[in-house]
Amino acid sequence: MINPAELDVLRTALEKLQTGFADLPRFESTFDADAVSEVMQQVAVRMQDNYPYYHPLYAGQMLKPPHPVARIAYALSLWINPNNHALDGGRASSALEKECITELGNMFGWDAPLGHLTGGGTMANLEALWIARRLQPGKRIVASDQSHYTHKRICEVLGIPFTAVRCTPAGHMDLSHLDELLDHGDVGTVVATIGTTGFGVLDPLPDILERTGQSGIRVHADAAYGGYFMLASKLDENARAVFDRMSDVDSIVIDPHKHGLQPYGCGCVLFRDPTEGRYYKHDSPFTYFSSDELHLGEISLECSRPGASAVALWATHRLLPPVKGGDFARDLDCSLQAGREFWSRLDASPSFRPLMRPELDIVVYAVDSPDTATASARARELFQLAAKDNLHLALIELPTDMLRAYVPEIRATTDTVTCLRSVLMKPEHEEWLEPIMSILESGVSRLTESTAPASR
Ligand SMILES: *Cc1c(COP(=O)(O)O)cnc(C)c1O
């Protein structure tokens, strides 16, 4: 978990940072190492109460450890503690943030996007939908019912009418329902989810753009989870076709703190048309304008923001540029392969029934069962049993019809069914599928009487 070399690199970099301030008169701030150390022992003990998110046997929720370079750069910046609201508060880190925004925009084929980092995907989506409302006053926003749950809530906050578009059993936005909604004539923005949080599937962006094309309806891509797969080389044909159209949407949200190797607190919103920044205009009396240069506080809803996030992301981009064919892109291919391989192994096992083939790296699967009540009980018990063997999974509650599209013979005794879900975000996951499968199989063989498969 801890590599002492990381701490050495941090110390050396801090010493370098300090040389930039050598002219200042010395002053001492007090530091009681013993007292701090005692508190830190308590902190360390409390922090042991966590799942081991960084380990490949953590194969549950969307959690990917930050890259050491991100962690070190973030830590280093805390000795300055810049605020990326205004240039006065964070000169260097604001410059780094702007470079990062250009690099993220370039990933999607945009030369000069407007954008900035945010606390996360939710805040980034809020800004994108707020601008959408400014441009399409009174108009409706639609997003699939597998879109992130916050879209509906964001629309409530912004006072925008919202409708959920039905999904196909494979989790894609249902285009016939979208057509029905578009026929009403009051839709201002379609949110396309590029990598749903539940299944990692991609809404049919080319078909959505074909429908909105001439109409002036905005398209916002919520690529908080899936955006980085833009760089992958092993996408299937359908997924490639979706990513090939990303440059045609109006705004994009991508979360560097999901697949981008960043600590939490790093989302990003990008607008294709930089003039949309005019809607952010405010007249705060205390926002100090120290130069004519754009300062990020002018184009963001949040005021204070951690410059540390920009420093960490910039450092990561230097080590692992977000470009096709690079090491970062290769690791995304590993995740794609891990997802496919895991799906195939589950499919080949008599104990499991995987749902849709993964388009990215998220696999959802049921434990083989005669009826949905039993499937839910088995999933919950297996979740516990696997955890005892250090394998950590996630659970997902699905409409029964969704499972029945893949397991037609299962009896529907409940409206919803609990399934297992594994997000295989770490490049190491591919090599850990063997132990993961064997813990799963051994767990199934230990299911209790009440839920155990009768035929076994
Ligand atoms: C995670 C996620 C969000 C929310 O992002 P946060 O960073 O958790 O606020 C929004 N949309 C999608 C598709 C996501 O996967």
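The values are calculated or read from the model by the stated rules, or taken from the named source; none is laboratory data. Since the structure is predicted, the reported quantities are computational estimates derived from the model, not experimental observations. Neighbour counts run over all protein chains shown; Cβ positions are idealised from the backbone, glycine included. Side chains included, ligands, DNA and RNA excluded: accessible areas come from the protein's heavy atoms. Shrake-Rupley method; radii C 1.70, N 1.55, O 1.52, S 1.80 Å.
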*Test I131 against the stated conditions and say whether it is closer than 13 Å to D273 by Cβ, open to solvent by less than 10 Å² (accessible area, probe 1.4 Å), away from the ligand (no atom under 11 Å from the Cβ) and in the same structural domain as E156 (by TED's automatic domain parsing).*
yes
_Candidate set from the stretch 232-275 (those that are open to solvent by 30 Å² or more (accessible area, probe 1.4 Å) and part of a helix (DSSP H, G or I)); member that is farthest from the ligand (Cβ to nearest atom)_ = T275
*asked:* Contact list please: Cβ distance under 6 Å, first residue in the stretch 222-246 and under 17 Å from V423 (Cα atoms), second residue within 14 Å of the ligand (Cβ to nearest atom) and assigned to a helix (DSSP H, G or I), pairs at least six apart or on different chains.
replied: A224/G121
_Output for the stretch 138-171, where each listed residue is of a type in the set (V, I, T) and open to solvent by less than 30 Å² (accessible area, probe 1.4 Å)_ = I141, V142, T150, I154, I160, V165
_Being more than 16 Å from the ligand (Cβ to nearest atom), assigned to a helix (DSSP H, G or I) and on the phi < 0 side of the Ramachandran plot: is that true of I160 here?_
no
*Residue that is nearest to the ligand (Cβ to nearest atom) [pool: residues in the stretch 182-197 that are buried (at least 24 other Cβ atoms within 10 Å of the Cβ) and of a type outside the set (V, I, T)]*: G195
*asked:* K234 - would you say it is over 12 Å from the mean Cα position of the chain (by Cα) and of a type outside the set (S, T, N, Q)?
replied: yes
*For S94: the one exception among (1) of a type in the set (S, T, N, Q); (2) in a helix (DSSP H, G or I); (3) more than 25 Å from E302 (Cα to Cα)*: (3)
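What number of residues within the stretch 309-333 are closer than 25 Å to L296 by Cβ and either modelled with pLDDT under 95 or in a loop (DSSP other than H, G, I, E, B) (or both)?
4
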*Give me a count of the residues in the stretch 154-203 that are under 20 Å from D248 (Cα atoms) and under 22 Å from the mean Cα position of the chain (by Cα).*
13
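What do you reckon, is Y228 under 13 Å from the mean Cα position of the chain (by Cα), part of a helix (DSSP H, G or I) and either at positive phi or within 15 Å of the ligand (Cβ to nearest atom) (or both)?
It is true that Y228 is under 13 Å from the mean Cα position of the chain (by Cα), part of a helix (DSSP H, G or I) and either at positive phi or within 15 Å of the ligand (Cβ to nearest atom) (or both).
Take Y58 and tell me if it is touching a Pro at 6+ places or on another chain (Cβ under 9 Å) and not aliphatic (A, V, I, L, M).
yes
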*Criterion: without any contact (Cβ under 8 Å) to a residue 60 or more places away in the chain and surrounded by 11 or more Cβ atoms within 10 Å (Cβ to Cβ) - qualifying residue of A59, A95*: A95
*In the stretch 206-223, what residues are at pLDDT 95 or above, open to solvent by 10 Å² or more (accessible area, probe 1.4 Å) and part of a loop (DSSP other than H, G, I, E, B)?*
I217
*Tell me the strands (runs of 3 or more DSSP E) entirely within the stretch 337-456 that contain at least 2 residues that are open to solvent by 20 Å² or more (accessible area, probe 1.4 Å).*
394-399
